[in-house]
Amino acid sequence: AGCDGERKTGMTLTEPAGDLLNAIIGAAPGSALAALRAQRPDILRHTQGSHDVLLSPEDPGGLSLAERALVARRVAELSGHAALTAHYQTLVAARGEPHAGARREAILAHAERLAVAPRSATKAHLAALDAVGLRARDIVALAQLVAFVAYQVRAAVGLSLLAQEKAA
């Protein structure tokens, strides 16, 4: 934590204490929506903690920080959520775009598959990830990251709807 109640969250900017979702949905400190969310501090803490550990782990293993940001951006893009896509684009820009090639294509193809049609994933798809250097731990992290960004999208959309309802 910083001296002004701020913390680094693996992004290129420092956010006020709280979480990324408050920033994404525009829940200003002290707003009715921020107050509602603050009633469940465990959810705030675990949601932000999941973001931090999946996107900025101390040991990223074989799935680099840049690749993690790229996957998160792609899942946000597929969901059509502009604010999360912009957030992850900022993270990709800060970490550097991973090089084009078979590894990047295999990672993105699997992320897209899991985001759009998860039941279509097969052992052959996992073997393709292994062939480009991902190990079981990395493949699990990739799947967790896809699931987490999908959760972020659902939470952001739901919270935005609540904010609109409260404003009406």
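The values are calculated or read from the model by the stated rules, or taken from the named source; none is laboratory data. Quick caveat: nothing in here was measured; it's all calculated off a predicted structure. Cβ coordinates were reconstructed from backbone atoms using ideal geometry, including for glycine residues, and neighbour counts include every protein chain displayed. With ligands, DNA and RNA removed, areas are computed over all heavy atoms of the protein, side chains included. Shrake-Rupley method; radii C 1.70, N 1.55, O 1.52, S 1.80 Å.
Can you find, within the range 68-81, the residue that is nearest to ALA117 (Cα to Cα) among those that are out of contact with any Asp or Glu (no Cβ under 7 Å at 6 or more places or on another chain) and open to solvent by 20 Å² or more (accessible area, probe 1.4 Å)?
SER79
For VAL53, state whether it is open to solvent by less than 30 Å² (accessible area, probe 1.4 Å), in a helix (DSSP H, G or I), more than 16 Å from ALA156 (Cα to Cα) and not charged (D, E, K, R).
Numbers: open to solvent by less than 30 Å² (accessible area, probe 1.4 Å): no; in a helix (DSSP H, G or I): yes; more than 16 Å from ALA156 (Cα to Cα): yes; not charged (D, E, K, R): yes.
Answer is no for this residue.
Of all residues in the range 142-161, how many are more than 21 Å from LEU44 (Cα to Cα) and either open to solvent by less than 20 Å² (accessible area, probe 1.4 Å) or in contact with a strand residue (DSSP E or B) (Cβ under 7 Å, 6 or more places away or on another chain) (or both)?
Let us first name the residues in the range 142-161 that are more than 21 Å from LEU44 (Cα to Cα), namely 142-143.
Of the ones still in play, those that are also either open to solvent by less than 20 Å² (accessible area, probe 1.4 Å) or in contact with a strand residue (DSSP E or B) (Cβ under 7 Å, 6 or more places away or on another chain) (or both) are 142.
Count: 1.
Going through ARG137, ARG154 one at a time, which residue ends up being among the basic types (Lys, Arg), in contact (Cβ under 8 Å) with a residue 60 or more places away in the chain and either over 30 Å from GLY30 (Cα atoms) or not in a loop (DSSP other than H, G, I, E, B) (or both)?
Result: ARG137 is the single residue among ARG137, ARG154 that is among the basic types (Lys, Arg), in contact (Cβ under 8 Å) with a residue 60 or more places away in the chain and either over 30 Å from GLY30 (Cα atoms) or not in a loop (DSSP other than H, G, I, E, B) (or both).
Note down all Cβ pairs under 6 Å where the first residue falls in the range 96-112 and is without any contact (Cβ under 8 Å) to a residue 24 or more places away in the chain, the second is open to solvent by 60 Å² or more (accessible area, probe 1.4 Å), and they're at least six residues apart or on different chains.
none
Take the residues of the range 81-105 that are of a type in the set (Gly, Ala, Ser) and part of a helix (DSSP H, G or I): which is farthest from VAL153 (Cα to Cα)?
Ranking the candidates gives ALA102 first.
Identify, by number, the condition in (1) within 28 Å of VAL140 (Cα to Cα); (2) modelled with pLDDT of 80 or more; (3) touching a helix residue (DSSP H, G or I) at 6+ places or on another chain (Cβ under 9 Å) that ALA38 doesn't meet.
(1)
For ARG119, are the conditions met, namely being touching a residue at least 60 places away in the same chain (Cβ under 8 Å), part of a helix (DSSP H, G or I) and not small (Gly, Ala, Ser)?
For ARG119, the condition - touching a residue at least 60 places away in the same chain (Cβ under 8 Å), part of a helix (DSSP H, G or I) and not small (Gly, Ala, Ser) - is not met.
Return yes when ASP19 is more than 15 Å from LEU159 (Cα to Cα), in contact (Cβ under 8 Å) with a residue 24 or more places away in the chain and either open to solvent by 70 Å² or more (accessible area, probe 1.4 Å) or acidic (Asp, Glu) (or both) and no when it is not.
no
With LEU126, LEU108 as the choices, which residue is over 25 Å from SER31 (Cβ atoms), open to solvent by 60 Å² or more (accessible area, probe 1.4 Å) and assigned to a helix (DSSP H, G or I)?
Just a single option satisfies the conditions, and that option is LEU126.
Starting from residues that are without any contact (Cβ under 8 Å) to a residue 60 or more places away in the chain and outside any helix (DSSP H, G or I), keep the ones in the range 61-80 and report whichever is nearest to HIS110 (Cα to Cα). First the steps, then the outcome.
The first filter runs over the range 61-80 and keeps only residues without any contact (Cβ under 8 Å) to a residue 60 or more places away in the chain, leaving 64-67, 69-70, 73-74, 77-78, 80.
Filter once more, so that each one left must be outside any helix (DSSP H, G or I): 64, 80.
Values: SER64: 16, GLY80: 18 Å.
Within the range 61-80, the match that is nearest to HIS110 (Cα to Cα) is SER64.
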